[in-house]
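The values are calculated or read from the model by the stated rules, or taken from the named source; none is laboratory data. What you are looking at is a predicted structure, and each value in this text was computed from that prediction instead of being measured. Glycine gets a Cβ as well: all are built from the backbone with ideal geometry, and neighbour counts include every protein chain shown. When the accessible area is computed, the model is the full protein with side chains, heavy atoms only, and any ligands, DNA or RNA have been set aside. Shrake-Rupley method; radii C 1.70, N 1.55, O 1.52, S 1.80 Å.
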Amino acid sequence: MNTDTQPSSPESTEAKTRSGSSPTTYVMVLLMGIYLGILFAKSEVAHWQRVHDMFLFREAHMYLIIGTAIVVAMISMLIIKRFAIKSIDGKPITYKPKPYHKGVIIGGMLFGAGWAITGACPGPIYAQIGAGEWLAVLTLIGAMLGMFAYAALKPKLPH
Amino acid sequence: MEWLLQPWPWWLSGILIGLTVPLLYLLAGKAFGISTSLQEAGALCVPHSKMEYLSKFDRIGGLWTLVFAFGIGIGSLIATRFLSADPKPFLPESFWSVSGAIKLIVGGFLIGFGTRYAGGCTSGHSITGISNLNWPSLLATICFFAGGLAVTWGLGSLLF
């Protein structure tokens with residue numbers, strides 16, 4: 001696919017210091033984003049009412065989608081690990097575990113509250129704005145403010 | 001093909017969303033997660049910030065998260081404009097008000113703060129994390145629902 005991953009090439013040192021992705025990778029990422037955006041809209045997981053009805057236990061739609069997605073992803077990862085399948089640019093696929101700290105609990109509950117109020121988690125915010133639901137720009141502004149607040153408070157928060 | 005223009009059933013949606021995890025690994029070598037894009041956007045806005053969370057972030061390595069977010073927007077636009085017979089608004093009418101706007105900003109703040117503090121969201125923790133048998137991700141997911149249920153059932157009469 002590309003040659004800049006070969007250890008002997010002079011570009012490899014530059015590739016290490018500048019950790020950007022190859023053009024092919026960006027195209028793949030864009031295509032996967034489009035794929036997922038279509039799914040967020042067509043599955044209605046980005047619709048406020050669906051999220052609200054999930055938290056009210058009015059319908060199983062969201063639970064079934066999230067549950068099915070986890071099972072499919074889990075089976076896929078078992079296959080990838082079992083057969084040591086590599087990515088198309090020949091690199092091994094490894095999951096870097098997200099560590100436990102107190103933020104997983106506190107931050108997790110705060111995020112859940114935001115999800116219930118706005119009807120969006122981060123992906124659906126982009127899906128809502130993309131589809132022309134301009135009010136979701138407010139959700140994104142709020143999310144950026146929240147991210148900046150975390151960046152500022154991080155040294156003081158329990159981890 | 002009429003079904004294509006209707007909302008897709010949960011099993012099809014779930015299978016295809018779940019396949020994002022292996023596809024993103026295989027095609028791009030990336031772990032599926034969306035909320036890092038917020039940190040990336042912040043790191044690009046203020047690259048020389050005093051906040052190490054932003055100044056020390058690998059903003060070149062994280063660029064793909066914004067490309068991914070942009071793609072999600074395009075995909076949703078395609079789905080709404082060309083693949084929906086009767087597209088429904090994503091947010092209820094009631095959000096077009098001062099109180100609605102405040103709710104979105106405050107809720108958005110909780111999303112940004114919470115996902116970054118927890119280290120991931122529904123994609124990075126609930127789908128990618130749990131499917132890789134990472135127990136803190138399962139705990140995070142339980143907490144997402146604890147927070148959402150508490151707000152919906154505890155403050156529901158005030159908020160909705």
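Of note:
- Search result, residues across the range A:34-55 that are touching a Lys or Arg at 6+ places or on another chain (Cβ under 7 Å) and of a type in the set (D, E, K, R): A:Glu44
- Taken together, B:Ala28, B:Ala79, B:Ala85, B:Ala41 contain a single residue that is farther than 30 Å from A:Ile79 by Cα, over 18 Å from the mean Cα position of the chain (by Cα) and among the hydrophobic types (A, V, I, L, M, F, W, C), which is B:Ala85.
- Enumerated helices (runs of 4 or more DSSP H) restricted to the range B:15-55, each holding at least 3 residues that are of a type in the set (Gly, Ala, Ser): B:36-45
- Cβ separations smaller than 6 Å between residues 6+ apart or across chains give the following pairs from the range A:100-115 residues that are touching a residue at least 40 places away in the same chain (Cβ under 8 Å) and at the interface with chain B (Cβ under 7 Å from one of its Cβ atoms) to residues that are open to solvent by 10 Å² or more (accessible area, probe 1.4 Å) and assigned to a loop (DSSP other than H, G, I, E, B): A:Gly103/A:His159; A:Trp115/A:Cys121.
- Of the residues making up the range A:59-106, those that are in contact with a Lys or Arg (Cβ under 7 Å, 6 or more places away or on another chain), surrounded by 14 or more Cβ atoms within 10 Å (Cβ to Cβ) and of a type outside the set (A, V, I, L, M, F, W, C) number 1.
- Out of A:Leu153, A:Leu138, A:Leu145, A:Leu78, sole residue that is under 23 Å from B:Val46 (Cα atoms), more than 7 Å from every other protein chain (Cβ to nearest Cβ), in a helix (DSSP H, G or I) and more than 16 Å from the chain's Cα centre (by Cα): A:Leu153
- Condition met for A:Ala113 (closer than 21 Å to B:Val46 by Cβ and either surrounded by fewer than 24 Cβ atoms within 10 Å (Cβ to Cβ) or out of contact with any Cys (no Cβ under 7 Å at 6 or more places or on another chain) (or both)): no
- Any hit, the range B:66-78, residues being at pLDDT 95 or above and part of a loop (DSSP other than H, G, I, E, B): no
- Selected residue (criterion: farthest from B:Leu44 (Cα to Cα)) from residues of the range B:60-100 that are of a type in the set (Gly, Ala, Ser) and surrounded by fewer than 14 Cβ atoms within 10 Å (Cβ to Cβ): B:Ala85
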